[in-house]
Amino acid sequence: MSLPSDFLWGFATAAYQVEGATQQDGRGATIWDTFCAIPGKIADGTDGSVACDSYNRTSEDIALLKRLGATAYRFSLSWARIIPLGGRNDPINQVGIDHYVKFVDDLLEAGIVPFITLLHWDVPDALDKRYGGLLNREEFPLDFEHYARVVFKAIPKCKNWITFNEPWCSSILGYSTGFFAPGRTSNRAKSPVGDSSREPWIVGHNLLVAHGRAVKVYRDEFKATNKGQIGITLNGDYTYPWDPEDPRDVEAANRKIEFAISWFADPIYLGKYPDSMRKQLGDRLPEFTPEELALVHGSNDFYGMNHYTADYVKHGNGNPPPEDYLGDLSTHPYNKHGECIGPETQSFWLRPNPEGFRGLLNWLSKRYNYPAIYVTENGTSIKGENDLKEPEILNDVFRYEYFRDYINAMAKASSEDGVNVKGYMAWSLMDNFEWAEGYETRFGVTYVNYADGQQRKEKYSAKKMKELFDAVIKKD
Ligand code: PNW
């Protein structure tokens, strides 16, 4: 098993999870600042106001990346640092731009290839208040297009662009379950506003169109000169039928991937929403206008893949409730024969299953005709890790084994199955603000001591990563 000689590997983070400094240098508020301030929304009552303080420690973080041997780093920009109010007629904050320009210069200087995510969930709060943010089909894509243009122009040295991180999470967790900002849901115990039967599908549609607009700007105005590439990052689990003998479970397992991934990837690669979704959702799933479809269809230079886990899937009863977003099915950690998908972690949704990574790489490659794939996130939490102290907390053998097995599964998909995977970024470079779970769940290969000035210390998995890749990347 092997990976191509020019394979890039490194780590990923996101602005709101690591930067902190939310009041510094003219940054505007985001929907996550607002959401975190509502009591009960974040498990430990915290927020991202300090996080890892990465905004003020860029050279420390770059030195860390270098020590670990990384050749790539994926991070996201805070839109509200660049345009504090977010809109296309709002003032631009040059200090915010300068910060990221210098960061990219410093990464390149250190020999690390930057992958920039334009939006990793932290929508400027002013846009949410002004016109409903992601719910607005006309305004949001235009404001995103403008923001993207400002950034492409300012940072020509970055050659790898990701429009959105995980639109599934923005749509479903933000507008169906209300688990993430802005927290809208039909569940009136959780929110006074929201419609889980309609809003997530509208938001998903608007994100696709906004992605298409940003890609068009890049291709029309920047690509020829800057010679970069652009795509979107989608999240999705692999699935296995709960009962492999039951064709309804086999179909449901496939349908689960369609509802999670093909919702976005089919319009981009195939020019339409999946039939299974249209069938279940009817006119609650928006129709593309011809103009919208022209923007979306064919809009990926590469596929950004976030992947963590797999599930067993049982078919539903054929009559899903209006708030169903899974596709009339249920997910299970055990199958009919009592076999377990993988061990528990600190995250209720995550159980390691490395074979599923190979399975999903193949599934995507077949459905979308072997696109270039960058794995833009992959990693794990560890049950009870946050209860440990130094030095035990640094000995994350469970995480090391996760990476070892997932990287080897990817190398097999590359050399034995013909999957075109070109890069891999582990989640995450360091422990950080894990959204609704606050700081209690850790995903870092580097330990961050929040009680002691955000001090960083490499865990075992961090130190082993280079060795794992050296063993499988082909030498020229
Ligand atoms: C991803 N789920 O989120 C995000 O891109 C990261 O910001 C995050 O820290 C990381 O994974 C670890 O959680 C997800 O519930 C969050 O299925 C939740 C789910 C999937 C992805």
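Just checking, which of Val375, Val397 is among the hydrophobic types (A, V, I, L, M, F, W, C), farther than 26 Å from Gly45 by Cα and more than 13 Å from the ligand (Cβ to nearest atom)?
Going through Val375, Val397 in turn, the sole match is Val397.
Hey, Tyr238 hits all of (1) touching a strand residue (DSSP E or B) at 6+ places or on another chain (Cβ under 8 Å); (2) within 27 Å of Arg137 (Cβ to Cβ) but one; which does it fall short on?
(2)
When residues of the stretch 440-449 are filtered for being part of a loop (DSSP other than H, G, I, E, B), without any contact (Cβ under 8 Å) to a residue 60 or more places away in the chain and open to solvent by 20 Å² or more (accessible area, probe 1.4 Å), how many remain?
Summing the residues that are part of a loop (DSSP other than H, G, I, E, B), without any contact (Cβ under 8 Å) to a residue 60 or more places away in the chain and open to solvent by 20 Å² or more (accessible area, probe 1.4 Å) in the stretch 440-449 gives 0.
Return the residue satisfying two criteria in turn: it lies in the stretch 347-362 and is surrounded by 19 or more Cβ atoms within 10 Å (Cβ to Cβ) and either among the hydrophobic types (A, V, I, L, M, F, W, C) or assigned to a loop (DSSP other than H, G, I, E, B) (or both), and of such residues it is farthest from the ligand (Cβ to nearest atom).
By that ranking, first place goes to Leu361.
Which members of the stretch 387-439 meet the condition of being of a type in the set (A, V, I, L, M) and either closer than 27 Å to Glu19 by Cβ or part of a loop (DSSP other than H, G, I, E, B) (or both)?
Result: Leu388, Ile393, Leu394, Val419, Met425, Ala426, Leu429, Met430, Ala436.
Search the stretch 17-31 for residues being small (Gly, Ala, Ser) and assigned to a loop (DSSP other than H, G, I, E, B), and hand back the single one that is nearest to the ligand (Cβ to nearest atom).
My answer is Gly20.
Condition first: over 30 Å from Phe11 (Cα atoms) and in a loop (DSSP other than H, G, I, E, B). Now tell me which residues in the stretch 306-328 satisfy that.
Of everything in the stretch 306-328, those that are over 30 Å from Phe11 (Cα atoms) and in a loop (DSSP other than H, G, I, E, B) turn out to be Gly316, Asn317, Gly318, Asn319, Pro320, Pro321, Pro322, Glu323, Asp324, Tyr325, Gly327, Asp328.
Which of the residues belonging to the stretch 32-69 are farther than 23 Å from Arg184 by Cβ, part of a loop (DSSP other than H, G, I, E, B) and open to solvent by less than 10 Å² (accessible area, probe 1.4 Å)?
Listed by number, the residues that qualify are Ala51, Cys52.
Go through the stretch 1-16 and give me each residue that's within 16 Å of the ligand (Cβ to nearest atom) and either of a type in the set (Gly, Ala, Ser) or within 23 Å of Gly87 (Cα to Cα) (or both).
Gly10, Ala12, Ala14, Ala15, Tyr16
I'm told Leu388 meets every condition in (1) within 14 Å of the ligand (Cβ to nearest atom); (2) open to solvent by 20 Å² or more (accessible area, probe 1.4 Å); (3) free of Cβ contacts under 8 Å to residues at least 60 places away in the same chain except one. Can you identify the failing condition by its number?
(1)
Could you list, ordered by first residue, the pairs with Cβ atoms under 8 Å in which the first is in the stretch 1-16 and polar (S, T, N, Q) and the second is assigned to a loop (DSSP other than H, G, I, E, B) and away from the ligand (no atom under 16 Å from the Cβ), at least 6 apart or interchain?
Ser2/Lys474; Ser5/Lys474; Ser5/Lys475; Ser5/Asp476
Residues in the stretch 146-153: is at least one under 19 Å from Ala436 (Cα atoms) and either open to solvent by 10 Å² or more (accessible area, probe 1.4 Å) or out of contact with any Cys (no Cβ under 8 Å at 6 or more places or on another chain) (or both)?
Checked the stretch 146-153: no residue is under 19 Å from Ala436 (Cα atoms) and either open to solvent by 10 Å² or more (accessible area, probe 1.4 Å) or out of contact with any Cys (no Cβ under 8 Å at 6 or more places or on another chain) (or both).
Could you check the stretch 275-315 and list, in sequence order, the residues that are within 30 Å of Asp405 (Cβ to Cβ) and not aromatic (Phe, Trp, Tyr)?
Asn300, Asp301, Gly304, Met305, Asn306, His307, Thr309, Ala310, Asp311, Val313, Lys314, His315
So in the stretch 180-194, with the set limited to residues that are open to solvent by 50 Å² or more (accessible area, probe 1.4 Å) and in contact (Cβ under 8 Å) with a residue 12 or more places away in the chain, which one is nearest to the chain's Cα centre (by Cα)?
Applying the filter and picking the extreme gives Arg184.
Which number in (1) in contact with an Asp or Glu (Cβ under 9 Å, 6 or more places away or on another chain); (2) open to solvent by 10 Å² or more (accessible area, probe 1.4 Å) marks the one condition that Asp143 misses?
(2)
How many residues, within the stretch 103-131, are within 22 Å of the chain's Cα centre (by Cα) and open to solvent by 10 Å² or more (accessible area, probe 1.4 Å)?
Of the residues in that region, 5 qualify.
What's the total number of residues in the stretch 323-343 that are within 15 Å of the ligand (Cβ to nearest atom) and among the acidic types (Asp, Glu)?
0
If you take the residues in the stretch 450-476 that are touching an Asp or Glu at 6+ places or on another chain (Cβ under 8 Å) and part of a helix (DSSP H, G or I), which one is most open to solvent (accessible area, probe 1.4 Å)?
Tyr460
The values are calculated or read from the model by the stated rules, or taken from the named source; none is laboratory data. As the structure is a prediction and not an experimental result, all values here were calculated from the model. Please note: Cβ atoms are built from the backbone with ideal geometry, for glycine as well, and neighbour counts cover all protein chains shown. Keep in mind that these areas ignore ligands, DNA and RNA; they rest on the heavy atoms of the full protein, side chains included. Shrake-Rupley method; radii C 1.70, N 1.55, O 1.52, S 1.80 Å.
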